[in-house]
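See structure below.
The values are calculated or read from the model by the stated rules, or taken from the named source; none is laboratory data. Keep in mind that this is a model prediction, so the values were computed, not measured. Positions of Cβ are generated from backbone atoms using ideal geometry, with glycine treated the same way; all protein chains shown enter the neighbour counts.
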Amino acid sequence: MVRAGVTVERLARAAAELADEVGFDKVTVAAMARRFGVKEASLYSHIKNAHDLKTQVALLALAELADEVAAAIAGRAGKDALVAFAGAYRGYAKRHPGRYAAARMELDLETALASAAGRHAEMTRAILRGYELAEPDQTDAVRMLGGMFHGFVSLETAGAFQHHPRDVEASWERTLDALDTALRNWPDA
């Protein structure tokens with residue numbers, strides 16, 4: 001029998017906490033059953049399988065990250081919006097490494113379309129409006145920003161920058177300066 005109070009939402013939140021503690025790859029139905037003090041079979045009335053559990057964590061993480069980015073960029077434009085967006089993204093990834101990994105999970109198209117993933121793209125396009133980029137340049141810029149933010153954060157959280165004397169914050173600020181310059185001076189096709 002499932003212990004009272006277990007819901008899909010509580011299960012996803014607990015799995016997200018576990019992901020932050022031990023890594024997204026270590027989130028399993030067995031680990032969640034131990035955390036809730038129930039048998040694994042009991043959880044299958046709330047989730048289909050381990051992939052479904054991880055998908056729930058990904059959806060939660062995408063929504064949380066979208067909320068943080070939206071709050072950070074509200075009322076901002078141009079470089080100010082770019083810096084706020086990037087800072088919210090980086091801050092979330094550093095505070096919630098397991099959830100951030102979950103947010104990078106590949107989702108099927110239907111799930112992705114119904115998730116907060118679309119909000120991320122919309123917010124990125126919103127900050128790019130200040131740079132007056134038309135398509136297809138806007139899509140290229142969205143991809144550039146996503147790749148840069150993810151690449152920097154992934155390297156930083158993996159410890160790749162820790163043995164270099166250059167301050168990571170200084171590199172982050174210069175990277176954002178360079179992105180702003182690139183966006184303001186986007187090359188003609």
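Side notes on the structure shown:
- A count restricted to region 124-137 and to residues that are part of a helix (DSSP H, G or I) and either of a type in the set (Ser, Thr, Tyr) or modelled with pLDDT under 95 (or both) stands at 6.
- The one condition in (1) under 17 Å from HIS150 (Cβ atoms); (2) at pLDDT 95 or above; (3) under 15 Å from the mean Cα position of the chain (by Cα) that LEU82 fails to fulfil: (3)
- Counted as qualifying within region 1-115 are the helices (runs of 4 or more DSSP H) with 2 or more residues that are charged (D, E, K, R), namely 8-22, 29-36, 50-73, 78-95.
- Selection status of GLU135, without any contact (Cβ under 8 Å) to a residue 60 or more places away in the chain, of a type outside the set (Ser, Thr, Tyr) and over 26 Å from GLN56 (Cα atoms): yes
- Subset of region 32-77 that is farther than 29 Å from ALA121 by Cα and in contact (Cβ under 8 Å) with a residue 24 or more places away in the chain - its residue that is surrounded by the most Cβ atoms within 10 Å (Cβ to Cβ): LEU43
- Scanning region 114-132 for residues that are under 14 Å from ALA63 (Cβ atoms) and in contact (Cβ under 8 Å) with a residue 24 or more places away in the chain returns SER115, ALA116, ALA117, ARG119, HIS120, MET123.
- Number of positions in region 145-159 that are at pLDDT 95 or above and either outside any helix (DSSP H, G or I) or surrounded by 17 or more Cβ atoms within 10 Å (Cβ to Cβ) (or both): 5
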